[in-house]
Amino acid sequence: MNVLDLSLPELGEVLGSWGEPAYRARQVYAGLWRRAVGYGEMTDLPGGLRARLADELPAEVEVLAERLADGGATRKALLRLGGRHVVEAVLMGYPDRVTVCVSSQVGCAMACSFCATGQMGLQGNLTAGEIAAQVRWARGAARELPDTTPRRLSNVVFMGMGEPLANERHTFGAIGRIGDPAGLGIGARHVTVSTVGVVPGIRRLAAEHPQAGLAVSLHAADDELRDRLVPPNRLWPLRQVEAAVAFWRDRTRRRPSIEWAMIRGENDDDRQADLLAGVARRLRAHVNLIPMNPIPGSPAQPTTPERMAGFVGVLRSRGVNVTVRDTRGRDIDAACGQLKWEHDRRGFPQESRSTEERNPHQASSADEVA
Ligand code: SAH
């Protein structure tokens, strides 16, 4: 059993059955989630209990590899969760905040033509605990950020591998787990779900987690183009996506974001800008333009700087609030839509750093010396 899948009451039941007093579960839970350490570092617990926890309730997270970029302010990890699922998570330190980009699935079934994960197909769903485990990794990794940024993890975005609203139950469960004040304590207000436009999921997000933010990956503002770039549009066309986002905004009173990867010669013309401006104005949405990140297997190329400026100009002239996303982590393949598990093709990455937390004595020795 992976301890990271257990809620505090569930952990209490297990430890209770071992004859441990109730406060032990709170201690262990706080160690795992709030302090984000392994059993080996929970020196407030008796040694015998730590050994039993490691044997019977391992925290199943292995950091298979880590890579740094942007002077250490961006850090990508290849994580094996629950002993089987391998995904990537990216930590990004900014001057005013620290954000982790988490995966919700292994691979993705949405098949967006320009997205690396979309080419893998769906290999599996992560559990709520496995999604939250990425945030736990980030909390620890944030302590090693350079002094250009805070060292406290503040925000979570579901913009890694997978479609969060195609794994809705576990995505919603993860938002709850991430917000648990006895654990990570990052409230839904600081969590953003990014979706391809899964209409029923958007509506349910408004009901289940009205505090959470919403970003919709539009990428095209007419159905013909969007059918091609974002295949789920054939099931949930633009009109329905827009209605669902309007519903979400009315329910939550929050401003939605529209994401738009700028693809040269595809969706970067003034006509698309004009159509997009219409959608953004009706939804009172913020538009986030993503410089297209070329990936193997797709002809999609980034738009030119001139076209980017022209597109932004059309949106601004219509009074739309627009930003161009920075290109964090490009040189370590950690940019938007680039996360892709190549571990099965390449074998284990060489730079594998650490650690299995199964055995606290092994896992923590390096950390304790450091
Ligand atoms: N399934 C979710 C999360 C995907 S990743 C969604 O669709 O929103 C987050 C964003 O990166 C999405 O907007 C996605 O369309 C975008 N993206 C994917 N591949 C990209 C690429 N190669 N270049 C730029 N953005 C990309």
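The values are calculated or read from the model by the stated rules, or taken from the named source; none is laboratory data. All values reported here derive from a predicted model rather than from experimental measurement. Positions of Cβ are generated from backbone atoms using ideal geometry, with glycine treated the same way; all protein chains shown enter the neighbour counts.
Taking residues in the stretch 173-184 that are among the acidic types (Asp, Glu), and partners anywhere that are part of a helix (DSSP H, G or I), the pairs with Cβ atoms closer than 9 Å and at least 6 places apart or on different chains are ASP180/LEU8; ASP180/TYR29; ASP180/TRP33; ASP180/ALA132. Select, from GLY201, GLY160, GLY173, the only residue that is more than 30 Å from VAL28 (Cα to Cα), touching a helix residue (DSSP H, G or I) at 6+ places or on another chain (Cβ under 8 Å) and not assigned by TED's automatic domain parsing to the domain that holds ARG26. Selected residue: GLY201, the only one of GLY201, GLY160, GLY173 that is more than 30 Å from VAL28 (Cα to Cα), touching a helix residue (DSSP H, G or I) at 6+ places or on another chain (Cβ under 8 Å) and not assigned by TED's automatic domain parsing to the domain that holds ARG26.
Can you confirm whether the stretch 213-234 contains a residue that is touching a helix residue (DSSP H, G or I) at 6+ places or on another chain (Cβ under 7 Å), more than 20 Å from MET262 (Cβ to Cβ) and either part of a loop (DSSP other than H, G, I, E, B) or not assigned by TED's automatic domain parsing to the domain that holds ALA132 (or both)? There is no residue in the stretch 213-234 that is touching a helix residue (DSSP H, G or I) at 6+ places or on another chain (Cβ under 7 Å), more than 20 Å from MET262 (Cβ to Cβ) and either part of a loop (DSSP other than H, G, I, E, B) or not assigned by TED's automatic domain parsing to the domain that holds ALA132 (or both).
Among the residues making up the stretch 32-45, those that are within 13 Å of ALA133 (Cα to Cα), in a helix (DSSP H, G or I) and not aliphatic (A, V, I, L, M) are TRP33, ARG34. Do the conditions hold for ALA133, that is, is it within 14 Å of the chain's Cα centre (by Cα), surrounded by 24 or more Cβ atoms within 10 Å (Cβ to Cβ) and not polar (S, T, N, Q)? Considered against the rule, which asks whether it is within 14 Å of the chain's Cα centre (by Cα), surrounded by 24 or more Cβ atoms within 10 Å (Cβ to Cβ) and not polar (S, T, N, Q), ALA133 comes out as yes. Every test in (1) touching a residue at least 12 places away in the same chain (Cβ under 8 Å); (2) part of a helix (DSSP H, G or I); (3) of a type in the set (Gly, Ala, Ser) is passed by GLY48 save one, and that test is (1).
Right, ALA182: assigned to a loop (DSSP other than H, G, I, E, B), within 16 Å of the ligand (Cβ to nearest atom) and surrounded by fewer than 23 Cβ atoms within 10 Å (Cβ to Cβ) or not?
Details: assigned to a loop (DSSP other than H, G, I, E, B): yes; within 16 Å of the ligand (Cβ to nearest atom): no; surrounded by fewer than 23 Cβ atoms within 10 Å (Cβ to Cβ): yes.
Against the criterion (assigned to a loop (DSSP other than H, G, I, E, B), within 16 Å of the ligand (Cβ to nearest atom) and surrounded by fewer than 23 Cβ atoms within 10 Å (Cβ to Cβ)), ALA182 does not qualify.
Taking the stated definitions as given, is VAL314 over 30 Å from LEU68 (Cβ atoms), assigned to a helix (DSSP H, G or I) and not charged (D, E, K, R)? Yes; evaluated as a whole, the condition is true for this residue.
Conditions tested, residue by residue: (1) in contact with a Ser or Thr (Cβ under 7 Å, 6 or more places away or on another chain); (2) not small (Gly, Ala, Ser); (3) not assigned by TED's automatic domain parsing to the domain that holds LEU145.
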{"site": "SER17", "(1), (2), (3)": "no, no, yes"}
{"site": "PRO21", "(1), (2), (3)": "no, yes, yes"}
{"site": "THR43", "(1), (2), (3)": "no, yes, yes"}
{"site": "GLU66", "(1), (2), (3)": "no, yes, no"}
{"site": "ALA69", "(1), (2), (3)": "no, no, no"}
{"site": "MET92", "(1), (2), (3)": "yes, yes, no"}
{"site": "SER103", "(1), (2), (3)": "no, no, no"}
{"site": "ALA109", "(1), (2), (3)": "no, no, no"}
{"site": "CYS112", "(1), (2), (3)": "no, yes, no"}
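Any residue that is in a loop (DSSP other than H, G, I, E, B) and either closer than 27 Å to ALA212 by Cα or of a type in the set (S, T, N, Q) (or both) - is there at least one of those in the stretch 237-245?
Filtering the stretch 237-245 for residues in a loop (DSSP other than H, G, I, E, B) gives 237.
Applying the additional criterion that residues be either closer than 27 Å to ALA212 by Cα or of a type in the set (S, T, N, Q) (or both) yields 237.
The answer is yes; a qualifying residue exists.
Look through the stretch 103-118, keep the residues that are touching a helix residue (DSSP H, G or I) at 6+ places or on another chain (Cβ under 6 Å) and among the hydroxyl-bearing types (Ser, Thr, Tyr), and return whichever of them is nearest to the ligand (Cβ to nearest atom). Only one residue tops the list, namely SER104.
Take VAL61 and tell me if it is surrounded by 19 or more Cβ atoms within 10 Å (Cβ to Cβ), within 20 Å of ALA141 (Cα to Cα), modelled with pLDDT under 95 and aliphatic (A, V, I, L, M). Considered against the rule, which asks whether it is surrounded by 19 or more Cβ atoms within 10 Å (Cβ to Cβ), within 20 Å of ALA141 (Cα to Cα), modelled with pLDDT under 95 and aliphatic (A, V, I, L, M), VAL61 comes out as yes.
Between VAL102, VAL90, VAL106, the distinction of being β-branched (Val, Ile, Thr) and over 15 Å from VAL157 (Cβ atoms) belongs to VAL106 only. Just one of the listed residues (ARG136, ARG80, ARG152) is assigned to a loop (DSSP other than H, G, I, E, B), among the charged types (D, E, K, R) and either farther than 23 Å from PRO294 by Cβ or free of Cβ contacts under 8 Å to residues at least 40 places away in the same chain (or both), namely ARG152. In the set (1) away from the ligand (no atom under 16 Å from the Cβ); (2) in a loop (DSSP other than H, G, I, E, B); (3) at pLDDT 95 or above, SER352 fails one condition alone, (3). Got a number for residues in the stretch 218-245 being buried (at least 21 other Cβ atoms within 10 Å of the Cβ), within 14 Å of the ligand (Cβ to nearest atom) and closer than 17 Å to ALA273 by Cβ? Total meeting the criteria: 4.
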